[in-house]
Amino acid sequence: MSQPVILVPTDFSTASDAALPHAEALARQKSAKLLILHVEEPPLAYGAGELYYGLPEPGSDRILTMLQQVKPADPAVPFTHRLTIGDPAGEIVRIAGEEAADMIVLGTHGRTGMTRMLMGSVAEAVVRRAPCPVLVFRDVAEKLAGRQAAALHL
């Protein structure tokens with residue numbers, strides 16, 4: 001029987017950072033390996049086939065360096081990194097199937113309303129299409145910031 005795999009997607013945000021300790025704890029309990037994944041989005045095409053790159057993104061070498069810095073705090077938890085390019089939700093689901101992941105643990109920004117409608121929700125798409133259970137953690141820092149902002153407007 002092969003070692004269980006827990007897929008941990010990261011976009012280097014605080015939401016992703018918040019999910020990692022939970023994935024690590026599950027890996028310890030289940031003697032699982034973490035597969036830490038970053039999906040780099042390709043530039044968007046618009047108009048007459050021109051590419052829109054938006055704000056400058058770190059180069060692939062820089063992204064790979066950032067990815068290698070994402071690791072469990074406990075050195076006894078085995079892990080590997082993977083970098084791919086594509087639609088984040090689609091790639092997360094594809095790799096979960098390809099690696100026969102036992103679980104996906106990911107963070108979400110918890111966007112709501114118009115922002116969610118315009119940007120979509122990677123976490124929601126993964127939950128709908130994943131071939132395995134998905135554990136989603138909402139970024140506590142964003143919730144606290146929202147509460148503090150709401151309190152200031154009272």
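Observations
- Test result for GLY146, modelled with pLDDT of 90 or more, farther than 23 Å from LEU26 by Cβ and surrounded by 11 or more Cβ atoms within 10 Å (Cβ to Cβ): no
- In segment 65-87, the residues that are part of a helix (DSSP H, G or I) and more than 24 Å from ALA25 (Cβ to Cβ): THR65
- Pairs where the first residue, in segment 69-93, is in contact (Cβ under 8 Å) with a residue 40 or more places away in the chain and the second is charged (D, E, K, R) and exposed (fewer than 12 other Cβ atoms within 10 Å of the Cβ), C-beta under 9 Å, 6+ apart: ALA89/ARG128
- Here is the figure for segment 38-74: residues that are more than 21 Å from ALA18 (Cβ to Cβ) and at pLDDT 95 or above total 0.
- The single condition among (1) modelled with pLDDT under 95; (2) more than 13 Å from the chain's Cα centre (by Cα) that ALA18 does not meet is (2).
The values are calculated or read from the model by the stated rules, or taken from the named source; none is laboratory data. Please read all numbers here as calculations on a predicted model, not as lab measurements. In this analysis, Cβ positions are derived from the backbone assuming ideal geometry, glycine residues included, and neighbour counts consider all displayed protein chains.
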